[in-house]
Amino acid sequence: MKTSDFDYTLPEGFIAQTPVEPRDHSRLLVLNRQDGSMTHRHFYDIVDYLKPGDVMVFNDSRVIPARLKGKRVGSGGAVEILLLRRLEPNVWNALVKPAKKLNVGAEIAINATTITAVVTEVGEEGQRTVRFSDEAGLLTAGEMPLPPYIHAHLDNPDRYQTVYARILGSAAAPTAGLHFTPDLLARIESKGVRCLFTTLHVGLDTFRPITVDDPRQHIIYREYGIISPPVALELTQAKKEGRRIICVGTTSVRLLEQAALKSPPEEVQPFNDWVSLFILPGHHFRLADAMVTNFHLPKSTLLMLVSAFAGKDLIDKAYREAIEQKYRFYSFGDAMLIL
């Protein structure tokens with residue numbers, strides 16, 4: 001297995017720069033793993049593929065306006081800080097630019113505030129531990145951290161949040177959930193589908209490509225996840241009764257599969273811990289029976305995960321079909337339902 005095995009060419013203009021309105025009017029490619037069939041629908045048609053008793057698992061993490069701009073005290077050079085994880089009051093793990101000039105002791109004045117930041121520790125690949133003079137105003141000073149491939153201005157920052165996002169902590173949106181509307185969720189529940197909410201705070205790997213030839217040598221960035229006791233109990237019951245567990249997004253898949261590794265067979269225990277599971281082809285899925293997902297970047301951990309779930313050949317075929325049918329790709333793009 002090589003990282004290059006997961007490469008593909010995306011024609012220019014296929015990266016969605018703005019979201020579809022309404023949210024649930026994006027396109028939906030329904031991929032059946034049993035017979036390899038592909039059906040083209042709209043996202044609001046997802047209800048047609050759900051059954052009473054199904055369980056849908058969502059990630060309710062909310063994106064923090066984590067992109068801060070400032071100037072280095074002394075030189076006046078421009079600095080960008082991307083908050084990744086709060087370590088303690090006023091102290092954050094962050095990704096900084098230009099990393100080479102921001103070593104221990106470097107002081108940064110955050111634009112349009114009286115807040116200053118000092119680098120206290122140097123990490124790998126541009127990461128720094130940063131102590132702020134006051135974090136109370138950080139979230140109002142920050143900008144929504146849109147992916148680097150989105151160049152259009154986002155007029156409504158809430159459009160990069162799911163409608164059910166509750167718990168602040170992500171550096172990027174769990175984008176498979178961006179297609180759901182309150183009305184669609186109500187239709188899903190009225191069909192007898194149980195909607196469960198877990199939390200996984202999306203972190204650095206969303207922005208970090210795999211640079212090694214062998215993906216098994218890639219160390220995935222840890223993300224913090226939570227499965228509450230009531231949700232764990234419902235997942236356990238669903239699994240024992242043979243009801244489908246449908247994960248909304250790769251984040252939900254990773255969280256559930258990590259929890260399954262730490263639980264007895266046929267049981268899901270409450271989870272409140274770090275998720276470091278890197279899912280590659282060959283992984284045995286213990287909980288996820290179906291998945292809602294967007295179309296992912298070449299050579300990414302997310303593309304590898306969906307290839308593990310559906311089979312690499314079938315995913316390759318589905319991506320070729322999506323390109324042929326002019327689907328929109330990546331965060332604001334269209335979706336796929338893998339059954």
Counting pairs of alpha carbon atoms under 8 Å apart in space and at least six apart in sequence, what relative contact order in percent does segment 106-241 give? 14
Values of log10 I(q)/I(0), in the order q = 0.14 Å⁻¹, for segment 75-152 under a Debye, Cα-only, solvent-free model: -0.43
What does the charge dipole of the chain about its Cα centre add up to, to the nearest 20 debye, if the Cβ of each Lys and Arg holds +1 and the Cβ of each Asp and Glu holds -1? 300
Inter-part gap, Cα centre of segment 36-77 to Cα centre of segment 176-195, in whole angstrom, is 15
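Could you work out the helix-only [θ] at 222 nm for the chain, with each DSSP H run of four or more residues adding -39,500 (n - 2.57) and the total divided by the number of residues, to the nearest 500 deg cm²/dmol?
Here the helix-only value at 222 nm equals -5000 deg cm²/dmol.
Restricting things to Cα coordinates, could you compute the convex hull volume per residue of segment 216-339 in Å³?
About 111 Å³ per residue, rounded to a whole number.
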Whole-number D in µm² s⁻¹ for segment 252-307, Kirkwood Cα-pair radius fed into Stokes-Einstein, 4 °C, 1.567 mPa s: 106
What is the antiparallel percent of DSSP beta bridges lying wholly in the chain, to the nearest 5? 70
Summarise the long-distance tail of P(r) for the chain by giving the % of C-alpha pairs beyond 35 Å. 22
Rel. contact order, % - alpha carbon contacts under 8 angstrom, at least six apart, segment 67-141: 28
Given Cα pairs under 8 Å that are at least 6 residues apart, what percent is the relative contact order of the chain? 24
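In nm, what is the difference between 0.36 nm times the number of residues separating Ala78 and Lys312 and their Cα-Cα distance? Write down the numbers at each step before the final one.
Details: separation 234, 0.36 × 234 = 84.24 nm, distance 4.28 nm.
This chain segment gains 80.0 nm when fully extended.
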Whole-Hz ³J(HN,Hα) for each residue in segment 122-128, computed from phi via Karplus 6.51 cos²θ - 1.76 cosθ + 1.60 with θ = phi - 60°, x for glycine and proline: what do you get? 9, x, 8, 6, x, 7, 9
Quick one: which residues, 5+ away or cross-chain, put their amide H under 5 Å from the amide H of Leu168? H built at 1.01 Å from N. Arg62
With the dipole of the chain worked out from charges on the C-beta (+1 for Lys and Arg, -1 for Asp and Glu) around the Cα centre, which of Gln237, Ser133, Gln269 lies farthest toward the positive end? Ser133
A convex hull over the alpha carbons of segment 1-99 yields, per residue, a volume in Å³ of 273
With N residues in segment 205-278, Rg(alpha-carbon) / (2.2 N^0.38 Å) equals 1.25
Using alpha carbons only, how many angstrom separate the centre of segment 305-336 from the centre of segment 92-162? 32
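Since every read-out is calculated from the coordinates, none of them should be taken as a lab result. None of the values given here were measured: they were computed from a predicted structure. Note that each Cβ is placed from the backbone with ideal geometry, even for glycine, and that neighbours are counted across all protein chains shown.
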